[in-house]
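Here is the structure we will look at.
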């Protein structure tokens, strides 16, 4: 792995447990692989522009990708295309992904550019690569302690597959408002899970 793309969707990355875990992973990788290039997108700090009327019209007219209306979209897609792996750190907001991450998705999921519309449905145009998603939530949404639904996981897995990204792995940090001990336990479990993923384990252990 030569290039990693980090998408951080937290509105407060300095205080976010998921953001801290993502940064810890990147620092560890860089210590072992000084030549690793990391591109960061802090969506909660530098907001992306909303999709405009001009953008929507350009899509329906099948305007060339070089048109200035696609400048932001092309830049984000280019970052994704250049990456060998994608790391997403996101909170769960109201049972699903935050608006900032949805807007990034709307910019990179583009007909004729990252997916093709065919009679059999949408077909991704990007080469597959590992995607790791760190999901932070105040409550519990899995197992016996679940008290809320999770619409984030299925949606994100499906929308990424639409553009050709199928190798998607989720790491969860749950119950982060349940007290310090719960936070510590969740962080340690997530850390072990993340660092045991084959891609990262091979880089960290050598």
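Brief remarks follow.
- Residue 169, sole failed condition from (1) surrounded by fewer than 19 Cβ atoms within 10 Å (Cβ to Cβ); (2) in a loop (DSSP other than H, G, I, E, B); (3) in contact (Cβ under 8 Å) with a residue 12 or more places away in the chain: (2)
- Consider region 133-148 and keep the residues that are without any contact (Cβ under 8 Å) to a residue 12 or more places away in the chain and not in a loop (DSSP other than H, G, I, E, B). The one that is surrounded by the most Cβ atoms within 10 Å (Cβ to Cβ) is 143.
- Matching residues in region 92-103 - criterion: being modelled with pLDDT of 95 or more and surrounded by 21 or more Cβ atoms within 10 Å (Cβ to Cβ): 97, 100, 101
- Residue, modelled with the highest pLDDT, within region 12-35, restricted to residues that are surrounded by 17 or more Cβ atoms within 10 Å (Cβ to Cβ) and assigned to a loop (DSSP other than H, G, I, E, B): 16
- Screening residue 57 against (1) within 19 Å of the chain's Cα centre (by Cα); (2) outside any loop (DSSP other than H, G, I, E, B); (3) free of Cβ contacts under 8 Å to residues at least 24 places away in the same chain leaves a single unmet condition, (1).
- Flag for residue 182 being assigned to a helix (DSSP H, G or I), within 15 Å of the chain's Cα centre (by Cα) and free of Cβ contacts under 8 Å to residues at least 24 places away in the same chain: no
- Restricting attention to region 113-124, the residues that are surrounded by fewer than 17 Cβ atoms within 10 Å (Cβ to Cβ) and closer than 30 Å to residue 195 by Cα total 0.
- Considering region 149-166, the residues that are surrounded by 15 or more Cβ atoms within 10 Å (Cβ to Cβ) and assigned to a loop (DSSP other than H, G, I, E, B) include one that is farthest from the chain's Cα centre (by Cα), namely 150.
- Test: residue in region 80-91 that is over 19 Å from residue 4 (Cα atoms), crowded, with 16+ Cβ neighbours inside 10 Å and touching a helix residue (DSSP H, G or I) at 6+ places or on another chain (Cβ under 9 Å): yes
- Residue that is under 14 Å from the mean Cα position of the chain (by Cα), in contact (Cβ under 8 Å) with a residue 12 or more places away in the chain and outside any helix (DSSP H, G or I), where the choices are 4, 51, 80, 76: 4
- So residue 130, is it touching a helix residue (DSSP H, G or I) at 6+ places or on another chain (Cβ under 6 Å) and either within 26 Å of residue 16 (Cα to Cα) or crowded, with 17+ Cβ neighbours inside 10 Å (or both): yes
- Qualifying residue in region 92-108 (condition: in contact (Cβ under 8 Å) with a residue 12 or more places away in the chain and farther than 30 Å from residue 149 by Cβ): no
The values are calculated or read from the model by the stated rules, or taken from the named source; none is laboratory data. None of the values given here were measured: they were computed from a predicted structure. Glycine also receives a Cβ, built like all others from the backbone with ideal geometry; neighbour counts cover every protein chain displayed.
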